[in-house]
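What follows is a set of notes on a single structure, which appears directly below.
The values are calculated or read from the model by the stated rules, or taken from the named source; none is laboratory data. Just so it is clear, the model here is predicted, and its values are computed rather than measured. All Cβ positions, glycine included, derive from the backbone under ideal geometry; neighbour counts span all protein chains shown. Heavy atoms of the whole protein, side chains included, go into the accessibility calculation; ligands, DNA and RNA do not. Shrake-Rupley method; radii C 1.70, N 1.55, O 1.52, S 1.80 Å.
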Amino acid sequence: MTVKITLLGTGDTTGTPLVGCTCPVCSEAATSGRGRLRTSLLVEHDGFKLLIDTSPDLRQQLLRVGAPHIDAVLWTHGHYDHFAGFNDFYRVQKYPPGYGAPPEVVAYMQEQFHFIRFAPPTRRNRMSRSRWGGLRITLGGAVNHPPAPTYGLLIEDGDTRIGYTADTNPDIPQRTKNLLDGCDLFFADALFPDGIMHPKHMNYSEAIALAGELHAKDFRLVHLSHKIGWDAPHIGYDGDTFVL
Ligand SMILES: [Zn+2]
Ligand SMILES: [Zn+2]
Ligand SMILES: [Zn+2]
């Protein structure tokens, strides 16, 4: 059985082009139609469809991939750019059968979406495979994205390993590094180009260094700001698909 990953979006919290920005990256976006919607991923396995994060662009993202029925949703953390689209989704499909998140993230989303009644989340570690389309999913890799509790995740299908850091600075606990070591495909947050340090995110070379340190066989950088050029090596593009 194969796993298919689609990058529904690869942008940061503002997306690219940034509203009102005339930098070269945003200007090219405006003329070429290129763009980065906010980062979220679609994972498919034997007909099962899982969303990782529900970005504010979710409606558009689902329409782009043919408006599939979603079987499960996972959230990595409670930041607007990672959950705000759930409102649109919920009005179309109600609850997916499976969803999981750190309990504190669900508590926060419940505050924001007082009109939605969230079911108790699945425990974040070692979710039962039957609820996740036969995939083994570990949403237990605490990363470092202060002050929001944030978790990287590992998806396993037999010997195939796919990892995602979620939003994080490079100072990731060793336990999480162990979890994400040796992935066949690895996605890492890379907000800014080299030379710009951010307390909550990795920059371009920090993300590439992490992929090397974790022995990723292949990797793509996501959660990219408008400061990252369109042709930077190793970046993901909206709509990219990977079959493993
Ligand atoms: Zn710009
Ligand atoms: Zn975040
Ligand atoms: Zn984010």
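Okay, here's what the table says:
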read-out	value
Karplus-derived 3J(HN,Hα), 6.51/-1.76/1.60, for each residue of segment 194-203, Hz, glycine and proline x	3, x, 9, 9, 9, x, 10, 9, 8, 9
10 Å beta-carbon shell around F186, net charge (K/R +1, D/E -1)	0
For R38, distant residues with modelled amide H under 5 Å away	G11, D57
Principal axis dimensions, largest first and in whole angstrom, of the chain by Cα	45, 38, 36
Accessible-area order (highest first, 1.4 angstrom probe) of the listed residues I5, I208	I208, I5
In Hz, Karplus ³J(HN,Hα) per residue of segment 227-238 (6.51, -1.76, 1.60; θ = phi - 60°; x = Gly, Pro)	7, 8, x, 6, 10, 4, x, 6, 7, x, 10, 3
Sequence-distant residues sharing a close amide H with R161 (under 5 Å, placed H)	D184, L185
Ellipticity estimate at 222 nm from DSSP helix runs (n ≥ 4, -39,500 (n - 2.57)) divided over the chain, nearest 500	-6000 deg cm²/dmol
Total charge dipole magnitude, the chain, about the Cα centre, Cβ charges on Lys, Arg, Asp, Glu only, Debye to nearest 20	740
Accessible heavy-atom area order of E111, E206, highest first, probe of 1.4 Å	E111, E206
Across K49/K227; K4/K94; K49/K200; K4/K227; K94/K177, pairs whose alpha-carbon gap is larger than 26 Å	K49/K227; K49/K200; K4/K227; K94/K177
Amide H contacts under 5 Å for F219, placed H, 5+ residues apart	F186
In order through segment 152-157: 3J(HN,Hα) via Karplus (6.51 cos²θ - 1.76 cosθ + 1.60), integer Hz, x for Gly, Pro	x, 9, 10, 10, 10, 9
